[in-house]
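Asks: Could you have a look at this structure, given as structure tokens, before my questions?
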Amino acid sequence: MKNNRKLFLRLGVSAALGLVTAVALVKYSSASIANVSKGDLSGNWQVTLYGTTGCGAADARLVTFTLNGSGPATNANSTAHTIGSGAGGF
């Protein structure tokens, strides 16, 4: 029974030390929730669009662009593929 108490004491101290270490190493973050500005979105983006065209064929598009710090992008490139026709392709 005495050995069990020593084992539980060692495990308890080890667990407490691990918890204190984990808490001490966690980095505090001050993320702004719901306050996203245009500058936060700058960088490279990809968008995939899929839909049915007027003639009934399915169409898929991959659009790539880069947003600058004030919001707009002037370099959008689109690649289209009409499903079933074999034209285009990603």
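Asks: Of the DSSP beta bridges with both residues in the range 2-83, give the percent that are antiparallel, rounding to the nearest 5.
Replies: 100
Asks: While we're on this one: Please report, in whole Å, how far the alpha carbons of the range 2-83 spread along each principal axis, starting with the longest.
Replies: Largest to smallest, the principal-axis extents are 82, 34, 19 Å.
Asks: Going by average Cβ density within 10 Å per residue, which order do the peptides 39-48, 17-26 take, highest to lowest?
Replies: 39-48, 17-26
No lab work stands behind these numbers, since they all come straight from the coordinates. Predicted model only: the values in this text are computed from it and were never measured. No Cβ is skipped: glycine too gets one built from the backbone with ideal geometry, and neighbour counts run over all protein chains shown.
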